[in-house]
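For reference, the structure is listed below as structure tokens.
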Amino acid sequence: MRTIPYKETLTVEFKSDVSKLSDSEIFEAVVAFANTEGGDLYIGVEDDGEITGVHPTHSNPVSLSAYIANNTVPPISVRTEIIEEEDKQVVAVYVPKSFNGVSATASGKILRRRLKADSTPENVPMYPTEISSRLSDIRLLDYSSMPLTEASVDDFDSIETDRLLKAIRSYSGDKSLLEITLPELYKALGFVKEYDNHLVPTVTGMLMLGKTDAIKQFVPTYSTSFQVLEGTKVKVNEDFVMPVLASIERLNGFIEAWNPDHEIEMGLFRIAVPDFNTRAIREAIVNAFSHRDYSKMGRVRVAVTDEGLTVANPGGFIEGITIENLLTAEPHGRNPLLADALKRIGLAEKTGRGIDRIFEGSLIYGKLLPDYSLSTTSTVSLFIPRSAPDIQIAKMISDEQNRLGRSLPINT
């Protein structure tokens, strides 16, 4: 029975060695795997899966492992073995995913692996913005903490500072932040860093307090959109660039107008239940701004349709987070400084478990669960479906919470 895969994928690559594969092609393939998800390189297999055998030059797996380590930066430690298949020898090179930064060939080539439109894989150059994104994904870089050395605190908008202080009061944020001077506040939240003996804004500071023109100049990848579609008809289509707090307020205002209430009877009481739980939506929107990849062009997009509500942001799930473990994985984000600021203001869930609040918003009324299945490696997409509440489930949950005197855990 054949042990070698029959076709190439994102994590499987074949290399023909009939005419002696060049060493540089081997190094490049290994680097591309390391900079993506890791993978298996089979030397001695054609692109169509036909096994033609390894060239004698590459037939010593121990020497090949050492040669690869000596020609990659930092050295990539691979595992190699000879596989006997169809009376021919193939060398399998097992490449681990890199968690120590971005890998390159000794000649300086930095590559990554991707799928083409026809779902076949290819190795392509990794560009500077993609390097930042990669380092953020493996938690070696906090893009949101980077200083913007060409900007100044004059690029902060006093209106946004007032909005910030109001938000701390409204959302039960860290009240100690209200008792210090503005320069101390900016430092405490990481909005500024010292550079050449003066204070300059960080990406977080610019996103939170920056004037619109300054945000466009210094964080040009950032924008927000809100859409309402009825069937194929576009009812609302708004694109805007505003600081994060102002953007969240504007999105909440838009959604309020398109989120009708429906009354249900719970014993002697009538309760108004909106199509989309307000608290869950707020958490979803805050998560989108907190975890999006600011090194990539794109928008935080909120869309209301006949089927439900979508909140999407650039940047896939970060390392260690998958659709399967969303509710159980240890919380950590792509932009720790920005996330911490939103927590201290009171907007984000302080425990980092905002995802629990999103699911709770549907569970407490027995509605269909939020769906992340349309997320990709480059986008996180949350869909909250419209659905009628299940009165019996809602009553059962309410009764149990009243009996216990506390909310039920999500995984009950």
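The values are calculated or read from the model by the stated rules, or taken from the named source; none is laboratory data. Please read all numbers here as calculations on a predicted model, not as lab measurements. Virtual Cβ from ideal backbone geometry, glycine too; neighbours counted across all protein chains shown. Accessible surface areas use protein heavy atoms only, side chains included; no ligands, DNA or RNA. Shrake-Rupley method; radii C 1.70, N 1.55, O 1.52, S 1.80 Å.
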Q | Considering residues of region 319-338 that are over 13 Å from the mean Cα position of the chain (by Cα) and without any contact (Cβ under 8 Å) to a residue 60 or more places away in the chain only, the residue most open to solvent (accessible area, probe 1.4 Å) | A | 324
Q) What are the residue pairs meeting all of these: first residue in region 1-28, first residue surrounded by fewer than 12 Cβ atoms within 10 Å (Cβ to Cβ), second residue part of a strand (DSSP E or B) and not polar (S, T, N, Q), Cβ atoms under 7 Å, and 6 or more apart or on different chains? A) 2/85; 3/83; 3/85
Q) Does any residue of region 256-270 turn out to be closer than 21 Å to residue 229 by Cα, open to solvent by 80 Å² or more (accessible area, probe 1.4 Å), of a type in the set (D, E, K, R) and modelled with pLDDT of 90 or more? A) yes
Q) So, in region 294-306, of the ones that are open to solvent by 10 Å² or more (accessible area, probe 1.4 Å), over 13 Å from the mean Cα position of the chain (by Cα) and not basic (Lys, Arg), which residue ends up farthest from residue 172 (Cα to Cα)? A) 306
Q.
I'd like the residue in region 220-235 that is open to solvent by 50 Å² or more (accessible area, probe 1.4 Å) and among the β-branched types (Val, Ile, Thr) and, out of all such residues, is modelled with the lowest pLDDT.
A. 232
Q: Give just the number: which of (1) crowded, with 17+ Cβ neighbours inside 10 Å; (2) of a type in the set (D, E, K, R); (3) part of a loop (DSSP other than H, G, I, E, B) does residue 134 not satisfy?
A: (3)
(Q) Just to be sure I understand, how many residues within region 378-393 are more than 17 Å from residue 299 (Cβ to Cβ) and part of a loop (DSSP other than H, G, I, E, B)? (A) 5
Q.
Against the definition (within 29 Å of residue 322 (Cα to Cα) and under 35 Å from the mean Cα position of the chain (by Cα)), how does residue 49 come out, yes or no?
A. no
Q. Which residues, taken from region 70-85, are open to solvent by less than 50 Å² (accessible area, probe 1.4 Å) and within 19 Å of residue 17 (Cβ to Cβ)?
A. 71, 78, 80, 83, 85
Q) With respect to residue 309, is the statement that it is of a type in the set (A, V, I, L, M) and either touching a Pro at 6+ places or on another chain (Cβ under 8 Å) or crowded, with 22+ Cβ neighbours inside 10 Å (or both) true? A) yes
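Residues are listed down the side, and each one gets a yes or a no for (1) assigned to a loop (DSSP other than H, G, I, E, B); (2) in contact with a helix residue (DSSP H, G or I) (Cβ under 9 Å, 6 or more places away or on another chain); (3) aliphatic (A, V, I, L, M):
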site	(1), (2), (3)
41	no, yes, yes
49	yes, no, no
76	yes, yes, yes
83	no, no, yes
102	yes, yes, yes
112	no, yes, no
Q.
Quick check on residue 90: is it outside any strand (DSSP E or B) and not charged (D, E, K, R)?
A. no
Q: Could you please give the count of residues in region 184-219 that are at pLDDT 95 or above, more than 17 Å from residue 347 (Cβ to Cβ) and among the aliphatic types (A, V, I, L, M)?
A: 7
Q. Does residue 116 count as more than 21 Å from residue 317 (Cβ to Cβ) and touching an Asp or Glu at 6+ places or on another chain (Cβ under 6 Å)?
A. yes
Q. Looking only at region 145-182, which residues are in contact with a helix residue (DSSP H, G or I) (Cβ under 8 Å, 6 or more places away or on another chain) and among the β-branched types (Val, Ile, Thr)?
A. 153, 161, 168, 180
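Yes/no per residue for (1) modelled with pLDDT of 95 or more; (2) basic (Lys, Arg); (3) surrounded by 18 or more Cβ atoms within 10 Å (Cβ to Cβ); (4) under 28 Å from the mean Cα position of the chain (by Cα):
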| site | (1), (2), (3), (4) |
| --- | --- |
| 34 | yes, no, yes, yes |
| 39 | yes, no, yes, yes |
| 68 | yes, no, yes, no |
| 99 | no, no, no, yes |
Q | Filter result (farther than 22 Å from residue 193 by Cα and open to solvent by 50 Å² or more (accessible area, probe 1.4 Å)) within region 147-177 | A | 166, 169, 170, 171, 172, 175
